[in-house]
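One structure is given here, and the rest of the page talks about it.
The values are calculated or read from the model by the stated rules, or taken from the named source; none is laboratory data. Please read these numbers as outputs of a predicted model, since none were measured by experiment. All Cβ positions, glycine included, derive from the backbone under ideal geometry; neighbour counts span all protein chains shown. Note: accessible area is taken over every heavy atom of the protein model, side chains too, but ligands, DNA and RNA are not part of it. Shrake-Rupley method; radii C 1.70, N 1.55, O 1.52, S 1.80 Å.
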Amino acid sequence: MKKNVLIAIAIIVLIFLGIIVYLILSPSEEKKEDSTSIRKRLPFEFFEDKPQFLTPQQIEEIIKEKGLSDEALREIYQEYSQYPDFSRPLDKKMLDLINPWYVDAQPLPIILNPNLKNEKALQEFIDKLKKEGKSEEEIKELIEQEFKKYPQFLFQLNRHTITYGDTIIGTLKITDNKGNPLSYDVLEAGIYSDKHFGNTRVATPEFNDAGIAPDEKKDQVYTFSWKIPSQDKKYWGNLSLKVKVRIVETGQEVELERGFYSSPFVVAEFMNQFDEELKDGHLIITAYLDVKKECEYHLQANLFSVEYDEPTHWVYYKKILSPGTHKIPFTFWGKIFRDKGVEGHFVLKDLRGFCENLPFPASWFDDPTKVDQIVNAKPKDEPLFFYIPYTDITYKTQRYYRMNEFSDKEWDSPEKREKLGSL
Amino acid sequence: MRKLLFFGVALFATLNLFAGESVIFVHGRGGSCGTDYNTDAGNYWGSSKNINTSLPRYFVHYDGYSDPRTWGSCRAQSKLYQVLEAKCLKSQGNYCYIICHSAGCYATEYFISTRDVSRYGIKFVFNSSSAAGGSELANLKFWASGDMDSALKTGNARGSYNHNNMKGIPFWMLAGYKGWWYTAWYLPGEDDGAVSFHSTCGINTTGSYSNCASGYRYSYHYIWTGRSSYSSWNSSKNGYYRQHSGDGSDAINTAMNQEWSACRSLGLGCK
């Protein structure tokens, strides 16, 4: 019996020693050193004297060496998972989040030949030319010459999506093929409905190039504006602003178009009411949301440092909310403040959110017995999104937060540990 | 008996090495809906689906003319959800690698951005000519005006969800720049005949880019640098001299296939 006990003790001691040896020589420690050395030798975006985040370019340095190996994935995930999914660092180059309602337009050709206007017509045109004996090179040359003559248009909108109470503003600039501005007259302008509601004309936008707001000045760039007049379904979905113009220099009449999304219903509204607290070293700003339609809301916001005039965080919060007032706790992860080296007052901006027009209750997503029903649900014959109306409400924190008040702890969760363990 | 036990344990360990791992393909615009995720409905992927892998392959096939962000029968979101639930649940020991093409990458990004994906073991997403940033061909109504084409307008594709919210799942971008000569005039910068670099490279603004490494990419979107000597990778463009569609030596999906092989043979993580 005593012999057995001694053997058991010996085994435990050996296991214990084994663990110590493993911890000393474990590859994860080497990986940590690798990661640190990569961070040290790569330049950081901001605050060069402070620890910062690896940029995509810097991470690409890692994958150039290690490809998609589990080691590379682990290293990248370790870097990523310092902060949780729902609270992430924001920097000035993340233009899509810094200006979340805006998508830049690109100049496009004004296609004057109907044969080149769409895929079907173009294909038929090419086939016809081929039948006439033209070689592919000759056809290419012919089309290229035509495109070289075409003027271009830049139809820029202030928002990719318009919501109830907000105004969509579009500016239209037409240039010749060398980029010189061309004068034009607007013959007609209309707002056209979503395909689900017949693609019909539903409104007439205001427009001018006389410097009357929102137009800035008489400069051969017309400004078009339109505000959703009511919460009518016909204003919902993918709308088009169509404009018929005559180019003064050439006398050509052309129709130009720019699409945008429109969400006329007030499904929920951010209220100008907030709370703030520091919890476990993380800043929580609670926004109040007045929900009118039950839905699964995807809510986001940005945080900026007042003193440094620097973006710090973007945050995400998703939940099924029933009608009534709800407190939305946006969590700004402490370590991000520490790593960015910012303290002071902070301002919450760019509150935004949407919910999807799903063909089944969103609660089914968490129910494994509903998979077949989700897969076989009859799709909605309606537009996809309800947006919370645009708001320019901001909230500045009531007090000054010192750096050492923020936690420097990395995010930790069973999910993170499991993922790191699996790589 | 002891030998049998040892053999059994060894066999179990070997099988477990790749237990539950799979490759999931998500097609783009124009693909067809099917009922069996074991097959490539409508042969969308052609020979490019025959990647050099020891893993089983599954196919998300939806109505490729419908909006890739929508749910329901034959819709991309539901079909992707179905395959992930069946083949990529971590609780069942399943892990997966996603290969997407064009609007299939848009569907995949949208899914990851808007759903709770923590229960899935998605290791990475190989993006072959991603249309997640939209296409100016859709802005110009060059294609027939279906729901997919509306969804592909740059304002919709970029504005409707947070492309940075990839939950720690890396997106490797493979971008082509062999524009079809008859559509190159419609698209800004380098393009593959359907989508410009601003989308295929995962750049966070539209623009006219001649190098895939230009601009600033969405978080967790990385350029996959060519490893295969066959894939027409050009280091000065950081892209592939390949076009958007098709299944020949010109096609970006063929480059994807070749890159997977190179990635596997070099031991870089593709299995």
### Check on B:Ser219, closer than 25 Å to B:Ser113 by Cα and either facing chain A (nearest Cβ under 8 Å) or open to solvent by less than 40 Å² (accessible area, probe 1.4 Å) (or both)
yes
### Message
Please go through (1) open to solvent by 30 Å² or more (accessible area, probe 1.4 Å); (2) more than 14 Å from chain B (Cβ to nearest Cβ); (3) assigned to a strand (DSSP E or B) for A:Asp350 and return the number of the only condition it doesn't satisfy.
### Response
(2)
### Task
Go through the stretch B:222-233 and count every residue that is among the aromatic types (Phe, Trp, Tyr) and open to solvent by less than 40 Å² (accessible area, probe 1.4 Å).
2
### Task
Select the strands (runs of 3 or more DSSP E) contained entirely in the stretch A:239-311, then report the ones holding at least 3 residues which are out of contact with any Ser or Thr (no Cβ under 7 Å at 6 or more places or on another chain) and closer than 21 Å to A:Tyr395 by Cα.
A:268-279, A:282-291, A:295-305
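Residue by residue, here is whether (1) touching a strand residue (DSSP E or B) at 6+ places or on another chain (Cβ under 6 Å); (2) within 14 Å of chain B (Cβ to nearest Cβ) holds:
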| site | (1), (2) |
| --- | --- |
| A:Cys355 | yes, yes |
| A:Asp372 | no, yes |
| A:Val375 | no, yes |
| A:Lys378 | no, yes |
| A:Pro383 | yes, yes |
| A:Thr394 | yes, no |
### Query
Which residue, of B:Lys79, B:Lys90, B:Lys49, is at negative phi, away from chain A (no Cβ under 14 Å) and charged (D, E, K, R)?
B:Lys49
### Message
If I ask for residues that are under 14 Å from B:Ser102 (Cα atoms), open to solvent by less than 30 Å² (accessible area, probe 1.4 Å) and away from every other protein chain (no Cβ under 14 Å), which ones from the stretch B:234-254 would you list?
### Response
B:Arg242, B:Ala251, B:Ile252, B:Asn253, B:Thr254
### Task
Scan the stretch B:165-186 for residues that are in contact (Cβ under 8 Å) with a residue 12 or more places away in the chain and open to solvent by 10 Å² or more (accessible area, probe 1.4 Å) and report the count.
5
### Query
Looking at the stretch A:53-122, what helices (runs of 4 or more DSSP H) fall wholly within it and have at least 1 residues that are over 18 Å from the mean Cα position of the chain (by Cα)?
A:56-66, A:70-80
### Task
Might you check whether a residue that is away from chain B (no Cβ under 14 Å) and open to solvent by 50 Å² or more (accessible area, probe 1.4 Å) occurs anywhere in the stretch A:259-268?
no
### Message
Looking at the stretch B:189-201, can you tell me whether even one residue there is within 7 Å of another protein chain (Cβ to nearest Cβ), open to solvent by less than 10 Å² (accessible area, probe 1.4 Å) and not β-branched (Val, Ile, Thr)?
### Response
no
### Query
Based on what the data block shows, is A:Asp381 open to solvent by 60 Å² or more (accessible area, probe 1.4 Å) and more than 18 Å from A:Lys293 (Cα to Cα)?
yes
